[in-house]
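To start, the structure under review is shown below, and the notes come after it.
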Amino acid sequence: MPIVLSTQGLAERESLEAVVSTMEISCGRVDVALERTGAPVRAHLEFWPLGAGVHTFSFHGTGMRMAQTARHLRYGTPEQLSFAVQDIAPGVTRGFGDERALGHGDLMMTDLTGEYEYHRPAEGGTRSVGFDLDTLGVTVGQIRLAGRTFAANPLLGLARQHFTYVLENAEALSMSAGAAAAGAAAVDLARAFVLAAQEGAARREAMHETLLSRITAYLRAHLTDADLSPARVAAHHNISVRHLHALWSAGTGSTLEQWIMMERLTGARAQLAAGRPITALAHEWGFADASHFSRRFRQAFGVAPRDWRAEP
């Protein structure tokens, strides 16, 4: 069931009742209240599954407050964990004995087996991906430790990047042949995030399992740096250059230098189509000069940058 509710065309009272009841059905026994600012109540809710035990949910519209209290816990709660990305308007989340302010693009984690509260005063949105605990293979105790140390988790940046991508592309992923694979990858990262907060072997396992993903995320973030090198990447991740090359080759089937070069050329090619100067692009994408860029571009694509841009 993709779109579960859109208030477009509904009367004010019908919109209010529909939003509250849909949120309660979708999120379990929770208290839901909408901010009454004088503006019409608006909401668009979507639900997209990603294989067994994984689903995405989004709410965009009127400001709202949602809370699961001790009263709700007495009647049973979903055995689930969710990661959500704040969209547009700021908000606040309370859980794991703490309160955190949320800005656009921030990641939050919610233990649906415990008490929590979320408040977004203004119109905006939130996208979340939820996991059944049986699918994750972690305990409630492990989740709560990860929640208490959330901001210090070494996988926070990677989790934010990956879950943002999944949630922004939830519809396309859900409708594709790779939906189950996308869900499995999300499960692996969610499990690793929880285990990375533990001590000893569990933490080492999580960091080992996500090393290639963390290296890839680092490379993408620094792709245009002229001094990006295997030595720098290895030092940042506390491994040897030899280990880096072996890991990258086994995981991707290419060399690290080949991957960096191709990613830079592909990125520069996309900007060539927008009319960017070749010399400026060469420097911005980490090439020594325009000649070096042009030579590598021709080797990769069989045509000079200037000629490629002139093609109809």
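The values are calculated or read from the model by the stated rules, or taken from the named source; none is laboratory data. Predicted model only: the values in this text are computed from it and were never measured. Note that we place each Cβ from the backbone using ideal geometry, even for glycine, and neighbour counts take in every protein chain shown.
Quick notes on this one:
- Among the residues of region 211-230, just one is under 17 Å from PHE163 (Cα atoms), among the polar types (S, T, N, Q) and either in the same structural domain as ALA282 (by TED's automatic domain parsing) or in contact (Cβ under 8 Å) with a residue 12 or more places away in the chain (or both), namely SER213.
- At least 1 residues being among the β-branched types (Val, Ile, Thr) and under 20 Å from PHE131 (Cα atoms) is the threshold, and among the helices (runs of 4 or more DSSP H) wholly inside region 148-242 those reaching it are 156-168, 179-196.
- Test: residue in region 274-285 that is under 25 Å from SER229 (Cα atoms) and in contact (Cβ under 8 Å) with a residue 60 or more places away in the chain: yes
- Tally, over region 144-168, of residues that are farther than 19 Å from ASP106 by Cβ and either in contact with a strand residue (DSSP E or B) (Cβ under 6 Å, 6 or more places away or on another chain) or not aliphatic (A, V, I, L, M) (or both): 1
- Here is the figure for region 90-135: residues that are touching a helix residue (DSSP H, G or I) at 6+ places or on another chain (Cβ under 9 Å) and of a type in the set (Ser, Thr, Tyr) total 4.
- Pairs linking a residue in region 128-141 that is under 14 Å from GLY51 (Cα atoms) and in the same structural domain as PHE59 (by TED's automatic domain parsing) to a residue that is among the hydroxyl-bearing types (Ser, Thr, Tyr) and buried (at least 20 other Cβ atoms within 10 Å of the Cβ), with Cβ atoms under 8 Å and 6 or more positions apart or on different chains, are VAL129/THR56; VAL129/SER82; GLY130/THR56; GLY130/SER82; PHE131/SER82.
- Some residue of region 23-46 being closer than 14 Å to LEU167 by Cα, in the same structural domain as ALA184 (by TED's automatic domain parsing), touching a residue at least 12 places away in the same chain (Cβ under 8 Å) and not in a loop (DSSP other than H, G, I, E, B): yes
A quick yes/no check of all residues on (1) of a type outside the set (S, T, N, Q); (2) over 18 Å from MET109 (Cβ atoms):
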position: ALA181; (1), (2): yes, yes
position: LEU195; (1), (2): yes, no
position: ALA201; (1), (2): yes, yes
position: THR216; (1), (2): no, yes
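- Positions within region 280-304 being within 34 Å of the chain's Cα centre (by Cα) and not charged (D, E, K, R), in sequence order: ALA280, LEU281, ALA282, HIS283, TRP285, GLY286, PHE287, ALA288, PHE293, PHE297, ALA300, PHE301
- Every pair of residues 6+ apart whose Cβ atoms lie under 7 Å, when the first sits in region 231-250 and is more than 14 Å from LEU219 (Cα to Cα) while the second is of a type in the set (Gly, Ala, Ser): SER240/ALA234; VAL241/ALA231; VAL241/ALA234
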